[in-house]
Amino acid sequence: MDINVFEQMANRYDTEERMELAKVIVKEVRQELRASKTKSLIDYGSGTGLVSLELADLVDTILLVDSSKQMLEVAKAKISHKGITNAKVLYSDFTQETPELKSDVVLLSLVLLHIPDTKKILEELFNILNDDGKLIIIDFDKNDKISHPKVHNGFSHEELTKILSEVGFKSIEMKTFYHGKRIFMNQDAAMFRLSCTK
Ligand SMILES: C[S@@+](CC[C@H](N)C(=O)[O-])C[C@H]1O[C@@H](n2cnc3c(N)ncnc32)[C@H](O)[C@@H]1O
């Protein structure tokens, strides 16, 4: 999807439907972060922070990274309104610039489908992870009912697992955890959670 689309929709991004879906994702990701109190987390493609701002109590620090300034403006306003002291934002696109950053955990929630070159972004994220660092991906299962020139129509478990191993990730675990009505471009769809380590 064109990044400008996110710039334009930032102030109306948090709809009831998106907030409901974010709750489902938050519940799933919180389980992954149970023993992470001392860890740094990068929420890549954070949007307005619907997911990661609900994880702030579980980790040491959170960096919300997005290539849309407007989405980050909304996230910043929430951080200050909620009085969250361990979260910051960074305007960046790691497919365009290599960041000088390190993190213990990287989260991608509904972002991979918007990035054309899957392997390239996974390589960049591999490089910013500390040794033994963890990557968590939430996205949609492959869905043949969807066809859009700028959005992947979900991911097959085999294909994504293969790309992650080629990049160097280990202990890859992937499972479908939710089926919802009209949650992916107005179609019924399933979401997966994937976790792997560097
Ligand atoms: C569907 S939203 C998901 C937001 C949030 N992660 C959530 O689950 O609510 C996708 C976000 O990814 C961002 N994005 C898309 N391509 C990106 C890229 N190459 N680098 C960084 N962010 C990107 C968009 O600006 C948008 O905020």
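The values are calculated or read from the model by the stated rules, or taken from the named source; none is laboratory data. Owing to the predicted nature of the structure, the values given are computational and were not obtained by experimental measurement. Reconstructed Cβ throughout: ideal geometry from the backbone, glycine too, with neighbour counts over all protein chains shown.
Which of the residues that make up the stretch 66-86 are without any contact (Cβ under 8 Å) to a residue 24 or more places away in the chain and on the phi < 0 side of the Ramachandran plot?
Matches in the stretch 66-86: Lys76, Ala77, Ser80, His81, Thr85.
Report, by residue number, each residue of the stretch 32-70 that is within 10 Å of the ligand (Cβ to nearest atom) and either at pLDDT below 95 or aromatic (Phe, Trp, Tyr) (or both).
Tyr44, the sole residue that qualifies.
Can you go through Phe184, Phe126, Phe177, Phe169 and tell me which one is among the aromatic types (Phe, Trp, Tyr) and closer than 21 Å to Leu64 by Cα?
Just one listed residue meets the conditions, Phe126.
Identify the single condition in (1) more than 11 Å from the ligand (Cβ to nearest atom); (2) of a type in the set (A, V, I, L, M); (3) in contact with a strand residue (DSSP E or B) (Cβ under 6 Å, 6 or more places away or on another chain) that Val24 does not satisfy, given that it satisfies every other one.
(1)
With Val105, Val29, Val89 as the choices, which residue is within 12 Å of the ligand (Cβ to nearest atom), closer than 22 Å to Leu160 by Cα and either in contact (Cβ under 8 Å) with a residue 40 or more places away in the chain or not in a helix (DSSP H, G or I) (or both)?
Val29 is the lone residue from the list that is within 12 Å of the ligand (Cβ to nearest atom), closer than 22 Å to Leu160 by Cα and either in contact (Cβ under 8 Å) with a residue 40 or more places away in the chain or not in a helix (DSSP H, G or I) (or both).
Quick check on Leu135: is it in contact (Cβ under 8 Å) with a residue 40 or more places away in the chain, away from the ligand (no atom under 11 Å from the Cβ) and out of contact with any strand residue (DSSP E or B) (no Cβ under 6 Å at 6 or more places or on another chain)?
Answer is no for this residue.
If you go through the stretch 60-78, how many residues are farther than 26 Å from Pro116 by Cβ and crowded, with 21+ Cβ neighbours inside 10 Å?
Count: 1.
Search the stretch 108-122 for residues being surrounded by fewer than 17 Cβ atoms within 10 Å (Cβ to Cβ) and in a helix (DSSP H, G or I), and hand back the single one that is nearest to the ligand (Cβ to nearest atom).
So the residue we want is Lys120.
Could you list, in sequence order, the residues of the stretch 132-175 that are surrounded by 16 or more Cβ atoms within 10 Å (Cβ to Cβ), part of a loop (DSSP other than H, G, I, E, B) and not small (Gly, Ala, Ser)?
Of everything in the stretch 132-175, those that are surrounded by 16 or more Cβ atoms within 10 Å (Cβ to Cβ), part of a loop (DSSP other than H, G, I, E, B) and not small (Gly, Ala, Ser) turn out to be Lys142, Asn143, Ile146, His152, Asn153, Phe169.
Just to verify a result, which residue in the stretch 12-21, among those that are of a type in the set (D, E, K, R) and in contact (Cβ under 8 Å) with a residue 60 or more places away in the chain, is farthest from the ligand (Cβ to nearest atom)?
Step by step, filter the stretch 12-21, then rank; the result is Glu17.
From Ser156, Ser147, which residue is more than 16 Å from the ligand (Cβ to nearest atom), free of Cβ contacts under 8 Å to residues at least 40 places away in the same chain and more than 23 Å from Glu28 (Cβ to Cβ)?
Among Ser156, Ser147, only Ser147 is more than 16 Å from the ligand (Cβ to nearest atom), free of Cβ contacts under 8 Å to residues at least 40 places away in the same chain and more than 23 Å from Glu28 (Cβ to Cβ).
Consider the stretch 122-132. How many of its residues are free of Cβ contacts under 8 Å to residues at least 60 places away in the same chain and of a type in the set (Asp, Glu)?
Final tally of qualifying residues: 2.
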